[in-house]
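Chemist: Structure below; questions to follow.
The values are calculated or read from the model by the stated rules, or taken from the named source; none is laboratory data. Keep in mind that what you see is a predicted model, and the values were worked out from it rather than measured. Virtual Cβ from ideal backbone geometry, glycine too; neighbours counted across all protein chains shown.
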Amino acid sequence: MTKKKSRTKVLALLLVGAVLLSACYGATASHSYTMADHGQLSNAVRQTDPYTQDGYRFAVANPEILAQFPCYCGCGYLGHTNNLDCYVSSIGEGRDIVFDEHALNCSICVDITHDVMSYLDQGIPLEQMQQMIDDTYSRLGPSNMTSGT
């Protein structure tokens with residue numbers, strides 16, 4: 001391969017990489033919600049996969065939103081009363097966070113959160129989002145927002 005062909009190939013790969021990076025950054029930057037900084041996460045949460053970390057980051061930054069959605073993984077027996085409880089036990093006045101590590105090992109909790117995130121990005125109204133979560137996950141078990149769980 002000649003130097004010119006090699007250089008052209010390298011430049012083409014760099015251009016493709018830049019376009020992909022730009023597309024990824026643009027998708028991340030265009031969310032209709034905020035995400036907590038990774039530094040706010042516990043060590044245990046920072047050691048898990050990015051998908052789960054994003055669930056925790058969303059929960060920390062948007063507790064008032066996530067508290068409006070149930071979880072269907074059966075965590076009601078743990079005292080959880082909404083999807084937020086799967087991530088956070090409490091948020092103190094100084095934003096001191098006590099994490100619940102349940103969602104570290106529960107894909108249902110995290111999937112529900114990611115669905116909420118996606119619905120927010122799509123601009124779906126809250127009541128419709130709640131119905132969509134119920135329709136998708138209620139077959140898995142009882143809502144932790146209902147009495148008797």
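Chemist: Hey, could you check the range 66-83 for residues that are part of a helix (DSSP H, G or I) and at pLDDT below 95 and say which is nearest to ILE97 (Cα to Cα)? Steps first, please.
Modeler: First, the residues of the range 66-83 that are part of a helix (DSSP H, G or I): 66, 75-78.
Still in the list and also at pLDDT below 95: 75-78.
Working: CYS75: 20, GLY76: 21, TYR77: 22, LEU78: 18 Å.
Per the stated criteria, the residue is LEU78.
Chemist: Would you please list the contacts, defined by Cβ atoms under 6 Å and residues six or more apart or on different chains, that run from a residue in the range 41-58 that is closer than 19 Å to SER90 by Cα to a residue that is surrounded by 11 or more Cβ atoms within 10 Å (Cβ to Cβ) and among the charged types (D, E, K, R)?
Modeler: Qualifying pairs under 6 Å: ALA44/GLU101.
Chemist: Go through VAL116, VAL60, VAL45 for me and flag whichever is among the β-branched types (Val, Ile, Thr) and closer than 15 Å to MET145 by Cβ.
Modeler: Details: VAL60 fails: closer than 15 Å to MET145 by Cβ; VAL45 fails: closer than 15 Å to MET145 by Cβ.
Among VAL116, VAL60, VAL45, only VAL116 is among the β-branched types (Val, Ile, Thr) and closer than 15 Å to MET145 by Cβ.
Chemist: Okay, next question. Out of ILE97, ILE133, ILE112, I need the residue that is in contact (Cβ under 8 Å) with a residue 40 or more places away in the chain, touching a helix residue (DSSP H, G or I) at 6+ places or on another chain (Cβ under 8 Å), of a type in the set (A, V, I, L, M) and over 11 Å from ASN83 (Cβ atoms). Which one?
Modeler: Values: ILE133 fails: over 11 Å from ASN83 (Cβ atoms); ILE112 fails: over 11 Å from ASN83 (Cβ atoms).
After applying the criteria, what remains is ILE97.
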